[in-house]
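J.: First the structure, then my questions, so here it is.
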Amino acid sequence: MIIRPSTLMRNNYKEISKLAKKTKGPIYLTKNGKGDLMVMDIDAFVERENLINFHEKLLISEINHTSGNHEIPLDKIKEKWLS
């Protein structure tokens, strides 16, 4: 977990941006020693969001499959969410 003071964002945006792109993970910013914000490289964020959405659809498919409802084929989910 990367934690930095929020003043670093104000005073040295380039350093935070470079760190976010390098680590591909969230950077937690503090204000007065307490958590305040989280920043992240946009491409890494979009990738995580896509993965979360895929897992949600996969769970729905699994629930449908185990309940005997086959309305959402897994290959259709993969086409939609992984392309």
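The values are calculated or read from the model by the stated rules, or taken from the named source; none is laboratory data. Not measured: the values here are computed from a predicted model. We place every Cβ from the backbone using ideal geometry, glycine too, and count neighbours over all the protein chains shown.
J.: Given the criteria surrounded by 13 or more Cβ atoms within 10 Å (Cβ to Cβ) and at pLDDT below 80, does residue 65 qualify?
T.: Yes: the conditions hold for residue 65.
J.: Moving on to the next point. Do we find that residue 17 is surrounded by 12 or more Cβ atoms within 10 Å (Cβ to Cβ) and out of contact with any helix residue (DSSP H, G or I) (no Cβ under 7 Å at 6 or more places or on another chain) in this structure?
T.: It is true that residue 17 is surrounded by 12 or more Cβ atoms within 10 Å (Cβ to Cβ) and out of contact with any helix residue (DSSP H, G or I) (no Cβ under 7 Å at 6 or more places or on another chain).
J.: Right, something else. If you take the residues of segment 2-28 that are outside any helix (DSSP H, G or I) and either on the phi > 0 side of the Ramachandran plot or at pLDDT 90 or above (or both), which of them is farthest from the chain's Cα centre (by Cα)?
T.: Taking the candidates together, the pick is 28.
J.: Collect the residues in segment 29-51 that are within 17 Å of the chain's Cα centre (by Cα) and either touching a residue at least 40 places away in the same chain (Cβ under 8 Å) or part of a loop (DSSP other than H, G, I, E, B) (or both), keeping them in residue-number order.
T.: Hits for segment 29-51 are 40, 41.
J.: Something else now. Looking at the structure I just gave you, is residue 54 under 30 Å from residue 75 (Cβ atoms), in contact (Cβ under 8 Å) with a residue 12 or more places away in the chain and either of a type in the set (Val, Ile, Thr) or not in a strand (DSSP E or B) (or both)?
T.: Yes, satisfied.
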